[in-house]
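A short write-up of the structure that comes next.
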Amino acid sequence: MLALVRSAQAAIEDFTEVIESRGDDVCDIPSMHFFRGLAYCKVHNFAAAVEDFTLNINLCLGDADAYLRRSVAYCALQDWHNAHADMSQVIELEPTAIIYCLRGRLNTCMREWD
């Protein structure tokens, strides 16, 4: 477990270095924010993960996976309403049975029975 945390922390540092070195050249930045967000999730820094997934989404609005991962990070923060909004956006972009089931689980967490 400790090795996983160390490697995730090293990944965060590496992605941060790449993002900072790019400056205004944003061609690869959305994926860098996405992958750094995943690394933040590994070390349970879900607030930072939400920030990175949000940056990714702002640069690439149609990225269903970024909405899905941000929804998961919101769930970890028990921010059910934002998690639900993101899951609904995933359904708009790429509707699948699994995503509908995940949104149903969110409804249960929110005690939304309708």
Exercise. So what's the angle, to the nearest 10 degrees on a 0 to 90 scale, between helix 64-76 and the longest Cα principal axis of the chain?
Worked result: 80
For this session: Over segment 34-114, give the accessible area per residue in Å² for a 1.4 Å probe, as an integer.
Result: 58
Problem set entry | Leading residue at positive end of dipole, the chain (Cβ point charges), from G37, F15, T108 | T108
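So what's the net charge close to E94: Lys and Arg +1, Asp and Glu -1, counting the other residues with Cβ under 11 Å from its Cβ?
Result for the neighbourhood of E94: -3.
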Exercise. Put a dot 7 Å past each Cα toward the Cβ at K42 and E92; how far apart are the dots in nm?
Worked result: 3.2
Problem set entry | For the chain: rounded, prolate or oblate by the Cα gyration tensor [a/c cutoff 1.5] | oblate
Exercise. What nm value, rounded to one decimal, do you get for the distance between V18 and L61 when each label is placed 7 Å out toward the C-beta?
Worked result: 2.6
Exercise. Any idea of S21's accessible area? Nearest 10 Å², probe 1.4 Å.
Worked result: 90
Problem set entry | Helix axis angle, 2-22 relative to the chain longest principal axis, alpha carbon, degrees | 70
Problem set entry | the chain, relative contact order [Cα under 8 Å, separation at least 6], % | 17
Exercise. Rounded to a whole number of µm²/s, how large is the Stokes-Einstein D of segment 37-84 at 4 °C and 1.567 mPa s, given Rh as the Kirkwood radius over C-alpha pairs?
Worked result: 126
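The values are calculated or read from the model by the stated rules, or taken from the named source; none is laboratory data. Here the structure is a predicted model, which means the values were calculated and not measured. Quick reminder, even Gly has a Cβ in these numbers, built from the backbone with ideal geometry, and neighbours come from all protein chains shown. Accessible surface is based on the protein model in full, side chains and every heavy atom, while ligands, DNA and RNA are left aside. Shrake-Rupley method; radii C 1.70, N 1.55, O 1.52, S 1.80 Å.
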